[in-house]
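The values are calculated or read from the model by the stated rules, or taken from the named source; none is laboratory data. Model, not experiment: these values are computed from the prediction. Cβ: placed from backbone, ideal geometry, glycine included. Neighbour counts: every protein chain shown. These accessible areas exclude ligands, DNA and RNA; they are computed on the full protein's heavy atoms, side chains included. Shrake-Rupley method; radii C 1.70, N 1.55, O 1.52, S 1.80 Å.
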Amino acid sequence: MNQAEWHTQSPRDCLQLLETSPSGLGADEVQARLVTFGENRIEDTSQAAWYTLFFNQFRDFMVIVLLAATLISGLLGEFIDAITIIAIIIVNALLGFFQELRAEKSLASLKQLTAPVAHVIRNTERVTVPAAQLVPGDIVLLESGDRIPADVRLLALQGFETEESSLTGESLPISKHADIIPDPLAPLGDRKNMGYMGTSVTRGKAQAVVVATGMNTEMGKIANLIQTAEDTETPLQRRLDQLGKILVYISLGITAVVVLAGILHGQHVFHMFMAGVSLAVAAIPEGLPAIVTIALAIGVQRMIKRKAIVRKLPSVETLGCATVICSDKTGTLTQNKMTVQEIWAGGKTYHVTGQGYRPEGEFIFNGSGVRPEKRPELARLLQISALCNNAELVFDENIKDWHCHGDPTEGALLAVAAKAGYSLADIAQQLQRVEEIPFDSNRKMMTVIVRDASGRHTLLTKGAPDVLLERCTHILLDGKSVPLTKALRQQILEVNHALGSEALRNIGVAYREIRSLDSIKRMADPEVQLTFVGLLGMIDPPRAEVFEAIHLCKNAGIRTVMITGDHQVTAEAIARQLGIMTAGGLTVTGAELNNMTDKQLAKKAESICVFARVSPEHKLRIVKALQENGQVVAMTGDGVNDAPAIQAADIGISMGQGGTDVAKDASALILSDDNFATIVAAIEEGRGIYDNIRKFVRYLLSSNVGEIITMFVATLFGFPLPLLPIQILCVNLVTDGLPAIALGVDPAEKDIMQRKPRNVKESIFARGVGTKIITRGIFIGICTLSVFWLTWHNDPSQLQKAQTMAFATLVMCQLIQVFDCRSVEGGIFSRNIFGNVWLIAAVCSSITFLLCAIYVPALQIIFKSVPLHLFDWAVVLVAAAIPTFALTVRRAGRRVTRARLAR
Ligand code: ATP
């Protein structure tokens, strides 16, 4: 059958045509279909093949010129030179190739980590599988916040709405149904019984059958049109690319001057040309973009180990600039392991003992245990808590404890009901659920309608007590529903307040007998005229590591703001425990927010520590207000409605465990453990990565300035070439590759979380890096040239030795200063020299290469070097140390003077 016409078939016919059933496919059938239809993926045509990456290395203009010049020199008889230069070019290209390949692989594995999953029924069991493993005929379960994983025909649904703008351009949610749509040519937007891959569920639940996967989906068909490369370049990478281009022109200009000056001073034209081209190749930091990518990719891998998954690479840079973290409370700052501790029902307060989700504990009233079944209000409250519930408690053999599948709030309610001997299974035998209005952070309520054996319906609701009370007209007292007086209402609010100030999270419970189910179903808001039964207070202890993380944030100049749907008093109590609420700090509720203009909010925003009883929609206003004040905002969220705020934040963060697909898609960072402390770890890593990029940019550019100065000054003064083309290329190979990469993985400095956040607009050359590049470069040039000149001037017949000395000095200068580059502010001794083993290994291998080039006879011929004696080495090492140590001494001197002045 034409796969585009599924909407014209009834659900039953679709199942039949797809040879499947509501209990799902068996494992063998899935395997067979996977072979037939392939994986459920949109093919990515944007990825470069490995050979393209390899040949790209030779596309650089200067490399082509060098290759051409080398060929000419080969033809002119300089075989050894030509072969060596080509070998160096190839090694260089291989290095670049492997760097880029590694970078690509890391990026690809990142994509894997954030690959979507799907909830399916297979062999009658509900399982979660990678979305790529879906096949036509699979039965999928969809709910609010899910990204639809394949093209599906809806079978059964409850209040199901989707957002299909990625496919149809329609940004308003579309209400769906499961009925037949007879017109085979109905446009996609009108096929309301279908769900399409890549669109998202904004409301409700549905069961559906997969009708098309991968490139056969509607999204797959237009994939080639919409495949825009994900934004994987960071602003810094873009700026460095631009800088690279500018450096090309500068290097070319200087090279041209060097060549001209050399020729004017009587040097051989072709030799000068070769030297010029080699200098240009060495001086242009062509490896920079790849090393930046590697540093980012390795840093990102380190973040993964610390449970932070980066979805958008540019956010790695922004992390270091974050000034405010707006965090959800439940599950992020707290453990999301709830246990009911206090219950108020029928005018009495009961304390409940027991821990976690274990169904063991007692109900204590006035110091002695009571039997809930003897207390009608308490019994009713516990039954409703168990019925108006979608969670499940299971005993985990591995940890020998009970844990909760589903919403932990509901898990806690199941556990407390079980302590009284009420299980959902038992109650459900007498009362059958016929309707559900799922919990929603805006409404802050959940409702079910149940039918008893005699066909009578009751509406059961649980939700935020203050919200629920507004909908109650009666209260259950002494087993009877009586009018809710003002005094009683006040009493309940006081209990709610008292429990909240002990940091308990409260849930109210209410019901209503229904006469006509149909009239209730027609109501948009059926929770009215309810009878209040009571409320439950549950603890949700703060995560232990959050205390330390918030302290760390304070030192790092980052403010933490709590944003929660929970009650003001509960939120404040936890904020105080965690140190989020500072002296003079304010709390603003959602209701107060509604009465504030954006301007008023922005004015107050800096002193607000807690936003309580807010809806996800408020979050966007909060982000904008803080941004208006120049803050760089990190914002967490998990639901569909959080997505706009996550998107608008400078760093949008979603929850790996409790987050919806929509929130994850909008976010730049996913916390795989939903933990606030992970955000702080990510910020620390982000700062470290940026520091490392600055370190090797400083290292590479100052080395290049050194090389250019050496050649430039020598030719200006009419000296012979201090370095031969082959030596320049060799310096480039030895010093630019491995040590620079090793700097890219340098461990972060100890004070990294004691610095204030970096300004977003700050240049990479700020805070002294630019000056250091120039001064170090000049020093390196002068020292190298001095060694050359002294040796050559002493004995002009020893030109080769002078060049070897210059060659060794230049390499050693760079290998010494690489250690200095490890510290952003301090000098070479501010950190443990052996703190980066990769750097030690890179430097050792570079020194070995240098020694081979000087002492191995075969290489002496190639590199035109002569062996150096001990005294020569003493000269080389002293000269090579000068650029680093002279400036270290100068810095120490300045520090002493500053300390004296301060005294
Ligand atoms: P955060 O926004 O920090 O995650 P939160 O989880 O408390 O905080 P919501 O989930 O919006 O925020 O909950 C708001 C209120 O709704 C809670 O204080 C509670 O009273 C009530 N509530 C929470 N979960 C449920 C649920 N499953 N059913 C009914 N009411 C609930």
Checking A420 against (1) within 15 Å of the ligand (Cβ to nearest atom); (2) buried (at least 21 other Cβ atoms within 10 Å of the Cβ): exactly one of these is not met. Which one? (1)
I need the full set of residues from segment 859-899 which are under 15 Å from M805 (Cα atoms), without any contact (Cβ under 8 Å) to a residue 12 or more places away in the chain, assigned to a helix (DSSP H, G or I) and open to solvent by 60 Å² or more (accessible area, probe 1.4 Å), in order please. L870, F871, V878
Restricting segment 542-581 to residues that are more than 25 Å from L499 (Cβ to Cβ), touching a helix residue (DSSP H, G or I) at 6+ places or on another chain (Cβ under 9 Å) and in a loop (DSSP other than H, G, I, E, B), the residue that is farthest from the ligand (Cβ to nearest atom): A556
Suppose the filter is under 18 Å from K221 (Cα atoms) and open to solvent by 50 Å² or more (accessible area, probe 1.4 Å); does L185 pass it? yes
If the Cβ limit is 8 Å and pairs must be 6+ apart or interchain, which residue in segment 608-632 that is touching a residue at least 40 places away in the same chain (Cβ under 8 Å) pairs with which residue that is away from the ligand (no atom under 12 Å from the Cβ) and aromatic (F, W, Y)? none
Name every residue in segment 316-364 that is more than 16 Å from the ligand (Cβ to nearest atom), in contact with a helix residue (DSSP H, G or I) (Cβ under 8 Å, 6 or more places away or on another chain) and not assigned by TED's automatic domain parsing to the domain that holds G421, in order of residue number. V316, E317, T318, L319, G320, A322, V324
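Got at least one residue in segment 778-800 being charged (D, E, K, R) and at pLDDT 90 or above? Spell out the reasoning first.
From segment 778-800, those charged (D, E, K, R) are 795; that's our starting set.
When the remaining residues are screened for being at pLDDT 90 or above, the result is none.
There is no residue in segment 778-800 that is charged (D, E, K, R) and at pLDDT 90 or above.
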If you scan segment 432-449, which residues turn out to be over 13 Å from K521 (Cβ atoms) and either more than 41 Å from the chain's Cα centre (by Cα) or away from the ligand (no atom under 11 Å from the Cβ) (or both)? Q432, R433
Restricting to segment 695-721, name every residue that is more than 49 Å from the chain's Cα centre (by Cα) and in contact (Cβ under 8 Å) with a residue 40 or more places away in the chain. A714, T715, L716, G718, F719, P720, L721
Can you find a residue in segment 521-529 that is modelled with pLDDT of 90 or more, within 16 Å of the ligand (Cβ to nearest atom) and more than 30 Å from the chain's Cα centre (by Cα)? yes
Which of the strands (runs of 3 or more DSSP E) contained wholly in segment 121-168 include at least 3 residues that are more than 31 Å from the chain's Cα centre (by Cα) and of a type outside the set (A, V, I, L, M, F, W, C)? 151-163
Among the residues of segment 443-487, the number that are among the aliphatic types (A, V, I, L, M) and in contact with a Lys or Arg (Cβ under 8 Å, 6 or more places away or on another chain) is 11
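I'd like the full set of residues that are in a helix (DSSP H, G or I) and open to solvent by less than 10 Å² (accessible area, probe 1.4 Å), limited to segment 644-665.
Once the filter is applied, which keeps residues that are in a helix (DSSP H, G or I) and open to solvent by less than 10 Å² (accessible area, probe 1.4 Å), segment 644-665 yields A645, I646, A663.
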Members of segment 471-498 found to be within 14 Å of the ligand (Cβ to nearest atom), within 30 Å of Q577 (Cα to Cα) and out of contact with any Pro (no Cβ under 9 Å at 6 or more places or on another chain), listed by number: H497
I'd like to know if segment 389-397 contains one or more residues that are within 16 Å of the ligand (Cβ to nearest atom) and open to solvent by less than 30 Å² (accessible area, probe 1.4 Å). yes
A careful count of residues in segment 611-655 that are within 15 Å of the ligand (Cβ to nearest atom), closer than 15 Å to L319 by Cα and among the β-branched types (V, I, T) gives 3
Residue by residue through segment 342-384, note down the ones that are in a helix (DSSP H, G or I) and under 48 Å from the mean Cα position of the chain (by Cα). P372, E377, L378, A379, R380, L381, L382, Q383, I384
Does at least one position in segment 147-159 carry a residue that is at pLDDT 90 or above, open to solvent by less than 40 Å² (accessible area, probe 1.4 Å) and over 21 Å from E39 (Cα atoms)? yes
Out of (1) open to solvent by 60 Å² or more (accessible area, probe 1.4 Å); (2) within 16 Å of the ligand (Cβ to nearest atom); (3) of a type outside the set (A, V, I, L, M), what's the single condition that is false for W402? (2)
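Which residues, taken from segment 575-591, are of a type in the set (A, V, I, L, M, F, W, C) and surrounded by fewer than 16 Cβ atoms within 10 Å (Cβ to Cβ)? Break it down into steps so the answer makes sense when it comes.
Here is the first cut: in segment 575-591, the ones of a type in the set (A, V, I, L, M, F, W, C) are 575, 578, 580-581, 583, 586, 588, 591.
Answer for segment 575-591, where residues must be of a type in the set (A, V, I, L, M, F, W, C) and surrounded by fewer than 16 Cβ atoms within 10 Å (Cβ to Cβ): A583, L586, A591.
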Among the residues of segment 592-616, the number that are open to solvent by 70 Å² or more (accessible area, probe 1.4 Å) and under 20 Å from M445 (Cβ atoms) is 1
Just checking, does segment 633-643 include any residue being of a type in the set (D, E, K, R) and open to solvent by less than 30 Å² (accessible area, probe 1.4 Å)? yes
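Kindly indicate which of V533, V495, V528 is surrounded by fewer than 16 Cβ atoms within 10 Å (Cβ to Cβ) and either assigned by TED's automatic domain parsing to the domain that holds Q577 or not basic (K, R) (or both). Walk me through it before giving the result.
Numbers: V533 fails: surrounded by fewer than 16 Cβ atoms within 10 Å (Cβ to Cβ); V495 fails: surrounded by fewer than 16 Cβ atoms within 10 Å (Cβ to Cβ).
Testing whether each residue is surrounded by fewer than 16 Cβ atoms within 10 Å (Cβ to Cβ) and either assigned by TED's automatic domain parsing to the domain that holds Q577 or not basic (K, R) (or both) leaves just V528.
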Can you find even one residue in segment 510-523 that is open to solvent by less than 10 Å² (accessible area, probe 1.4 Å), under 19 Å from D466 (Cα atoms) and touching a residue at least 24 places away in the same chain (Cβ under 8 Å)? yes
Filter segment 546-571 down to residues that are closer than 19 Å to K619 by Cα, within 23 Å of the chain's Cα centre (by Cα) and not hydrophobic (A, V, I, L, M, F, W, C), then give me how many there are. 3
Can you give me the ranges of the helices (runs of 4 or more DSSP H) entirely in segment 734-848 with at least 3 residues that are open to solvent by 60 Å² or more (accessible area, probe 1.4 Å)? 769-794
Residue check: is D452 within 29 Å of G159 (Cα to Cα), within 15 Å of the ligand (Cβ to nearest atom) and either open to solvent by 20 Å² or more (accessible area, probe 1.4 Å) or modelled with pLDDT under 95 (or both)? no
Yes/no for S501 being open to solvent by 70 Å² or more (accessible area, probe 1.4 Å) and either more than 13 Å from the ligand (Cβ to nearest atom) or touching a residue at least 40 places away in the same chain (Cβ under 8 Å) (or both): no
Pairs returned, first residue in segment 829-858 that is in the same structural domain as Q817 (by TED's automatic domain parsing) and within 19 Å of Q817 (Cβ to Cβ), second residue that is among the basic types (K, R) and surrounded by 13 or more Cβ atoms within 10 Å (Cβ to Cβ), beta-carbon separation under 8 angstrom, 6 or more apart or interchain, are R831/R822; G835/R822; N836/R822; L839/R822
